[in-house]
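**Student:** I have a structure I would like to understand better, so I am pasting it below and will then ask my questions one at a time.
A short reminder: the numbers here are calculations on the coordinates, not readings from a lab. Note that this is a predicted model, so its numbers are computed, not measured. We place every Cβ from the backbone using ideal geometry, glycine too, and count neighbours over all the protein chains shown.
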Amino acid sequence: MADDDADLPAVADWLAAATHVTALTGAGISTESGIPDYRGPQGVWRRDPDAERRATITAWTSDPEVRRSAWQQRSASDAFDAAPNAGHLALARLEDLGALHSIVTQNVDGLHQRAGSSPDRVIEIHGTMHRVACLHCAWEQPTTATLERVRAGEPDPMCPDCGGLIKAATISFGQALVVPDIERAEREAARSGVFLAIGTSLAVFPVALLPGIALDAGARLVIVNAEPTPYDDRADVVLRGGIGGILPRLADLLASTRA
Ligand code: NAD
């Protein structure tokens, strides 16, 4: 066992005993699939100062150049080909073992579902990059179809139904969350015996309130993250290290207790 594995048997016992377990995942669970996070050491915001602005709704709606460069970048991006990694697969395995009941994810990459987590147990609190929606009417389509339009010569594609602005079906900074989704996430946190916070800096609100909701309701809090978070002092266990190593070892331990 690695040094930071000393706490894993206790965590496996808590998962085995809990009647409800929720995982909150952030961009850190997908870095090992080649999708950079925002705030980690290799994060997009440390490398590209304009990235935060591009992710705000007012920049998207007011600046055609922001939209053009974002569509251009996406049409050349390999994020759409990314595959789930060992961390995503371990969470799907925990679900199969009856030790994970819901995933609240800040990620928009769809990798939990691709790893085998049940789609109806995954709450995509910040939407999905795999669909594009009109900001004015009900039109939407798969992102791949919009990227084909960009490659075919439409640098700033508009809604084919109403002519309005379109955008990935993600929640940009400054955009309201989907209320039923955040309410469902809060209910999942409040009913949890164990709450896992995985690969998230816990810096984006209101999602960052979820560990506190779980703790106040009596849950154990387990943090899996390479860097400190504001909740480390309140956590029962902090597992510091690479997610793709830690979560499979946790799933193995749990499986061995069930064997
Ligand atoms: P964040 O970028 O704020 O923090 C990620 C955290 O994960 C960091 O603390 C980093 O140290 C840690 N981390 C990175 N790789 C790790 C690894 N392999 N093992 C252990 N820890 C690792 O991410 P956030 O809290 O999710 O917030 C960023 C926002 O950006 C979210 O709202 C999300 O919607 C969006 N986002 C999504 C994606 C995606 O869908 N994959 C990618 C980038 C950003």
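**Student:** Take segment 154-213 and flag every residue that is of a type in the set (A, V, I, L, M) and within 22 Å of A59 (Cβ to Cβ).
**Tutor:** Result: M158, L165, I166, A168, A169, I171, A176, L177, V178, A203, V204, V207.
**Student:** While we're looking at this one, here's another question. Can you tell me which residue is farthest from V150 (Cα to Cα) among those in segment 79-107 that are out of contact with any strand residue (DSSP E or B) (no Cβ under 9 Å at 6 or more places or on another chain) and within 13 Å of the ligand (Cβ to nearest atom)?
**Tutor:** Only one residue fits best here, namely A90.
**Student:** Exactly one condition in (1) surrounded by 15 or more Cβ atoms within 10 Å (Cβ to Cβ); (2) part of a loop (DSSP other than H, G, I, E, B) is false for A83; which is it?
**Tutor:** Single failed check for A83: (1).
**Student:** Here's another thing I want to ask about it. Please work out which residue is farthest from the ligand (Cβ to nearest atom), limiting yourself to segment 179-192 and to residues that are touching a residue at least 40 places away in the same chain (Cβ under 8 Å) and either outside any helix (DSSP H, G or I) or of a type in the set (D, E, K, R) (or both).
**Tutor:** Residue satisfying both the conditions and the ranking: R191.
**Student:** Anything in segment 88-104 that is over 15 Å from S192 (Cβ atoms) and either outside any helix (DSSP H, G or I) or touching a helix residue (DSSP H, G or I) at 6+ places or on another chain (Cβ under 6 Å) (or both)? List them, or say none.
**Tutor:** Across segment 88-104, the qualifying residues are H88, L89, A90, A92, R93, L97.
**Student:** Kindly provide the set of residues from segment 108-153 that are part of a loop (DSSP other than H, G, I, E, B), within 14 Å of the ligand (Cβ to nearest atom) and out of contact with any helix residue (DSSP H, G or I) (no Cβ under 7 Å at 6 or more places or on another chain), ordered by number.
**Tutor:** Scanning segment 108-153 gives V108, G110, H126.
Let's see how each residue does on (1) under 23 Å from D81 (Cβ atoms); (2) without any contact (Cβ under 8 Å) to a residue 24 or more places away in the chain; (3) under 21 Å from the mean Cα position of the chain (by Cα):
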{"position": "C134", "(1), (2), (3)": "no, no, no"}
{"position": "A138", "(1), (2), (3)": "no, yes, no"}
{"position": "E154", "(1), (2), (3)": "yes, yes, no"}
{"position": "G174", "(1), (2), (3)": "no, no, yes"}
{"position": "V194", "(1), (2), (3)": "no, no, yes"}
{"position": "F205", "(1), (2), (3)": "no, yes, yes"}
{"position": "A208", "(1), (2), (3)": "no, yes, yes"}
{"position": "P211", "(1), (2), (3)": "no, no, yes"}
{"position": "L221", "(1), (2), (3)": "no, no, yes"}
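**Student:** Within segment 17-34, can one find any residue that is within 8 Å of the ligand (Cβ to nearest atom), buried (at least 19 other Cβ atoms within 10 Å of the Cβ), assigned to a loop (DSSP other than H, G, I, E, B) and aliphatic (A, V, I, L, M)?
**Tutor:** Checking segment 17-34: not a single residue is within 8 Å of the ligand (Cβ to nearest atom), buried (at least 19 other Cβ atoms within 10 Å of the Cβ), assigned to a loop (DSSP other than H, G, I, E, B) and aliphatic (A, V, I, L, M).
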